[in-house]
Structure formats: structure tokens, C-alpha cells
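Quick notes on the structure that follows.
What follows is calculated from the coordinates using simple rules that are stated; it is not laboratory data. Everything quoted here is computed from the prediction, not taken from an experiment. Glycine gets a Cβ as well: all are built from the backbone with ideal geometry, and neighbour counts include every protein chain shown.
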Amino acid sequence: MMEKYELPYLPIKEISEAVKTCEISPVDLTASVIKRIKRLNGLLNAYISVFEQSAIEVATKAEKEIRAGGWLGPLHGVPIALKDVFYVKNTITTAGSPILKDFIPKHDASVVKMLREAGAILIGKTNLHEFAYGVTNVNPHFGATKNPWNLDRIAGGSSGGSAAAVASGMCFASLGTDTGGSTRIPAALCGIIGFKPTYGLVSKHGVFPLAWSLDHVGILARSVWDIGILLETIAGPDPADITTLISKPFEAKLISKPFEAKRIQNFNTRRLRVGVPNDKFLEPLQEDINELFWGSLKKLEDEGWQIHEIDFKHFEQLSACRYIILLTEAASLHARWLETNPELYSEELRHKLMLGLLVPSDVYLKAQKVRKVLIRDFLRAMKGLDIVVCPTTSVAAPRISEEKILINGKELSVRLALLRLTEPFNVLGLPAISIPCGMSKDDLPVGLQMVSWPFYDDLLLAAALTYEEITGNGYRRPPL
Amino acid sequence: MVCEYENLANIIKARLASLGICPSKEELSKLSHDLNNLLKVSKTFDEILSYEEEPAVFFLLRVEDDGEV
């Protein structure tokens, strides 16, 4: 029998079995999550809005359906959160900005529709960096999201509210977005798992954009298995999002029940060939992160994984490429509000958007040309490898007020220290996951990032699952 | 304002004015500096780019049942 106080922390895999067999009622489950939100949200500032009434109504309906033998699958009756960029019909979607304080979408995002059809309970909308354009989640309009492991530290961003909510048991999983690391970074800083699928695998229709050609929908959860269950639910072609149409050939392979999360067990991941970028890319790294990373690799090597250095010279160009694409695409979206409501942006964001309006068109196109070359060269460098591995961030969660950070005598902006290892994979569009890798000397979570081939998201999840088993690293409860 | 960015600053001012945006003097100075850096960075792309390369921007044509493209 599951103890009620444990419910909000359990993985979906366990919860869904108990819901299916009526050992746990979706109403009790939802009530336990709401109770936890009421206790903790004042501390963490993870949610912008909570759908208390509608969540209980949906849970009551789910309970009746399940008791009548109509269990829909592992998400039926399970409370899931959404970053406040996902359109939910007739519900305000702020994107973390006062500009959209009255914006009420008339339709659900495609992925929200898919979650509803799978029987999930939408529990609320989570806090984020202003317009998802930043990695700290220090939002001047809605307040900073605090890290559940240390309230003086940032949760990371831009899906920081989602990460804090998942880590502290205020939901069972959350959808986020990832344009340069916005799912993986907060996941690493809060000690959970954050996953960005291959570009084009998951629909972005009805998700407020930041930069169209870099944006991905992400998943935040407490186990790799849970990520698989969510991915299975939301992946696949969507006529409303042209970028997903190329995923069609992979539908049968990935979505055909079982990706069913059982599929991720079918790979032989005991002999994986792993690429590690050279020091020029990895450094500077906080000393304890360096130790935890190489310690984890040693354990994997002892189990038969083969570690190789990956020969790729253009990581700097990847970063420059993303910077130019991000600036330009975001600015083109915001130009009208920059003219009519400049005072409603933070100073920092206004500057980035104005800068984006100044990028010459030939420079943007050149960045998109370079991107093609970089994708080709990186995949050539990956030849013979199954996955690439590196730390998720250069540092553990910085303090909320920190702007610069010193790593091995080198000063870096907090922004760069957090995203320089994740952003290349948005330019490349490759699937990437951050998994807990241990705790820093300051008792803060540290993340390890794995990356795989386009549309080999299932191989990546299988590798991550094996990593969890071999190293024993995974989600741990924060002291709340 | 740093002299070397003066021409750039004038262009920036005109471009933003055409969009109805009026940056402050400090903002203009920072924008000039950052844009200058960005243009320098973009020059490094030439080392790995050939003239034949197409941008990674694409579209697919779809025709709906009612004939709409």
C-alpha cells in the first residue's frame, strides 16, 4: 500500500499502475498535489496559475471512467503541469510577460490536446523567464523561481517553474520548451530529468514561440521512463506544424506502441560507443562538476561502454550561429510590441530584441547556411558513435543575484556558464537529455547531458535508462 | 559614444526610428558595441562556408481539400 505522503514524489510508472488498479484514486492524487502546491508555491514561485477546480473535475471524471474499466493509459488521472507558453483553450497564457496578461487562446496547443486525450489532468501553468528568452528564471514581472535545493539559488530557465514543480512534487511531470537549453538547464539545476526531442518530432502548434527554427517542446520528469511515457503521448506528425511532417517515416518506428516505453528497453545499451567533446569545448568546468562527470564516465566504461574523444572543431561557430538566429527570429516576432509597448519589457530583453532588429538579412541567412554545414560535419564526427556525452552546465545553480561567475580563474556570465554546453544541440536539432549526475560540494544537483542521432530519441532514452541503472544516479527528493 | 561606432550608431538610430523605436543614448551605445561584435563574429562563418550552400530554411507545399495552398 502506498503511503499518502509519498504520492506526489512517485514516478508516473508506479502511479499509473496504482491508478489503473484503482489502488489510488485520481481525485486523491490530484488533491495531494494541490495540497503540496498550496504549501510550497509561496516559497518556490513555480506556478503562475493553478487549475484547482477544473483539475478536480477532470480527476472525478477520470475516476469514474477507470472504475468502469475505461483506463486510457499511463497518463490517465495523472496531474501534469505546463510551462505558461502552451495554449490552453479559454485560459490565460502569459509567456511570463505583462504584454500577454489578457491573452486567452481560443484553442489548445496540439500537445495539450494530446495530453487531454490521454486522460492527463492539467494542473496549472508554470513560471518562466520573460518570454522564455533567458536561462535564469529571474522574471521581473512574476518573480524569480527558487531552487528547491536552496532557496537562495536560481531554478534555471527558461522552464524553471516546471523544473521546480517536478522536483518538489507539485506535479508528476511538466511540458517545457527548449531553444538553447531551457528544459535541460533547469532540470540539471533542480535534480530532475529534462529532455529535448529531435527537432520536428513533437508539434509546436499552439506554443508561444521564441525562435521558430530553434524552438523545441521539452519534457521534465523524475525518471527516464516517465519521459518516455510523455514522449509517446505527444510525438508524431501534426498537420498544424509543418516541421513535424518530416517525422512521418519515424512514426512507425517510434510511436508504434511500444515506443510504449517498453521499446526503450529493447536496445542493447551495455556496449555503447560514447563520444566526449575535447577540453576546448568542455572547459571551463566547476571542479566538482568535472569530477562527477568523469566519475560517471568511469563507471560506464567499467560496465563496457567505450569512450572516445569526438573530433569536431566548430563548437564556437555553433554558438555564434545560434546567437544570430535567436536574435533575429525573436526580434521579428516582437517588433510590433517593441514599438507599441516598449515599457512592458525588461531592460535586458528590450536590448536583445532591438539588437535582433539590426541583424542584416545576409548575416541571418549566412547563419542558416553555416548551420547546414555544421549539422553535416557534426554527424560525420559522430560516425561510429551511438551517443555524445558532456556535462549539462559548467556550474551548479548560481545565486539569484549573481550575474558573473568565476570558474577556475575565468570569469563567465551566468548565462554563458549555464547554456554553452546545451545550445549547440538546438542548432543541430539533435535529441538531448539531462540526467542527474550527483551533488556538488554545496549540495546542489549536477546534470549530465547525452545526445544522439536525429530521430534516435528511443536509443537516447535507452542509454539514459541504462545510465540510471549503472550509476545509480537519478532523482532525489529536495529537503522541503 | 566611442568614435569608431559613430557611423554604426547613426545607421542603428535610423533603422530603429523607421520601426517607431527610439532607444536612449546609453542603449544606442550598447547596441553599437554589440552589433559591431556580432558582425565580426559572423565573418568567421566564411571560413567554413562555400558559395553553393543553401540556408537551412525550408518549406513544404500543401494543398488543402478546398484548393487553398
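According to the square roots a ≥ b ≥ c of the eigenvalues of the Cα gyration tensor, what is the shape class of region A:190-237, taking rounded for a/c under 1.5, prolate for a/b larger than b/c otherwise, and oblate for the remainder? Since a/c reaches 1.5 but b/c is at least a/b, the shape of region A:190-237 is classed as oblate. Using the alpha-carbon centroid of each, what span in Å lies between region A:64-79 and region A:397-419? One Cα centre to the other: 45 Å. The lysines within cross-link reach of residue A:299, meaning a Cα-to-Cα straight distance under 22 Å and a gap of 8 or more places when in the same chain, are A:441. Across all C-alpha atoms in region A:52-210, the radius of gyration and Dmax reach 15.4, 48 Å.
Each listed q (0.19 Å⁻¹) maps to a log10 I(q)/I(0) for region A:268-406, found by the Debye formula over equal Cα scatterers with no solvent: -1.13.
Put a dot 7 Å past the Cα of residue A:56, heading toward its Cβ, do the same for residue A:39, and the two dots end up 1.8 nm apart. Of all DSSP-defined beta bridges confined to the protein assembly as shown, some 70% are antiparallel rather than parallel. Taking label points 7 Å from Cα along the Cα-to-Cβ direction, residue B:44 and residue A:102 give a separation of 4.6 nm. What the Cβ-Cβ distance of residue A:17 and residue A:469 gives, at R0 = 25 Å and to the nearest 0.05, is a FRET efficiency of 0.80.
What is chain A by shape, rounded, prolate or oblate, if you read a ≥ b ≥ c off the alpha carbon gyration tensor as root eigenvalues and call it rounded for a/c under 1.5, prolate for a/b larger than b/c, and oblate otherwise? Since a/c stays below 1.5, the shape of chain A is classed as rounded. Each label was represented as a point 7 Å from its Cα along the Cα-to-Cβ direction; for residue B:37 and residue A:28 these points are 5.6 nm apart.
What the Cα convex hull of region A:116-156 gives, in volume per residue, is 106 Å³.
At a Förster radius of 35 Å, what calculated FRET efficiency corresponds to the Cβ-Cβ distance of residue A:311 and residue A:152, to the nearest 0.05? So, using R0 = 35 Å, E works out to roughly 0.30.
Full extension of the chain between residue A:64 and residue A:212 yields a length gain of 49.2 nm, computed as 0.36 nm times the residue separation minus the alpha carbon distance. Helix content alone sets the calculated 222 nm mean residue ellipticity of the protein assembly as shown: runs of n ≥ 4 DSSP H residues at -39500 (n - 2.57) each, divided across all residues, give -12500 deg cm²/dmol.
Cross-link pairs exceeding 25 Å in C-alpha to C-alpha distance, out of A:35/A:61; A:13/A:146; A:125/A:196; A:352/B:43, comprise A:13/A:146. Packing around the peptides A:168-181, B:5-18, taken as the average count of other Cβ atoms within 10 Å per residue, puts them in this order, highest first: A:168-181, B:5-18. Mean partner shielding of peptide A:312-320, defined as the number of other chain Cβ atoms within 10 Å of each residue Cβ, is 2. If you plug the beta carbon distance of residue A:299 and residue A:245 into 1/(1 + (r/R0)^6) with R0 = 35 Å, you get a FRET efficiency near 0.30.
Residue by residue along A:357-370, Cβ atoms of other protein chains within 10 Å of the local Cβ number 6 on average.
Assign one of three labels to region A:127-223, namely rounded, prolate or oblate, based on the Cα gyration tensor with a ≥ b ≥ c the square roots of its eigenvalues; rounded applies when a/c is under 1.5, prolate when it is not and a/b is larger than b/c, and oblate otherwise. Since a/c reaches 1.5 but b/c is at least a/b, the shape of region A:127-223 is classed as oblate.
Among the residues of B:34-40, the average count of other protein chain beta-carbon atoms within 10 Å of the residue beta-carbon is 4.
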